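The values are calculated or read from the model by the stated rules, or taken from the named source; none is laboratory data. Computed from a predicted structure; not experimentally measured. Heads up, the Cβs are rebuilt from the backbone with ideal geometry, glycines too, and the neighbour counts pull from every protein chain shown. Just so you know, the surface numbers come from the protein's heavy atoms only, side chains and all, with ligands and any DNA or RNA stripped out. Shrake-Rupley method; radii C 1.70, N 1.55, O 1.52, S 1.80 Å.
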Amino acid sequence: MAEITLREAQEQVDRWIKTLGIRYFNELTNMAILTEEVGEVARIIARRYGEQSEKENDKGKDLADEMADVLWVLLCLANQTGVDLTTAFHKNIEKKTVRDKERHQLNTKLQNDGSK
């Protein structure tokens, strides 16, 4: 499978929505769906990697698929609101680089392995 850019992913989702999906859900509906999908990722992480025990019916859940669901809805929202995620991502990396270039290196809490 070939790699794709964020821009290509946005275009692919847009084509799928306009041909097979009929139309986008409205932005508020997609925001609610995004919240639901993030919750599904959180449930898997909390039970699989956190301290909660994993329920039997959660053991077969595919974390990668749930993360892809989050990405899908985020791409939909970007398309609907006119956000170019490629440009936004580059700007965000630049912002973090300028703002945090020394912050994390000087953070003593990050100097250990995170365990207490």
Probe 1.4 Å, protein heavy atoms only - accessible area per residue of the chain in square angstrom: 80
Exposure rank, largest accessible area first [75, 85, 110; 1.4 Å]: 110, 85, 75
Charge dipole magnitude, Cβ of K and R +1, D and E -1 - the range 1-109, Cα centre, debye nearest 20: 440
Additional length obtainable on full extension of the chain from residue 110 to residue 88, 0.36 nm per residue less Cα span: 5.2 nm
Share of pairwise Cα separations in the chain, more than 24 Å, in percent: 49
Three-way shape call for the range 58-116 based on the alpha-carbon gyration tensor, with the a/c threshold at 1.5: oblate
Among 60, 112, 81 - extreme Cα towards positive end, dipole of the chain, charges at beta-carbon: 112
Carbon/sulfur fraction of accessible area - the chain, other protein chains in place, 1.4 Å, %: 58
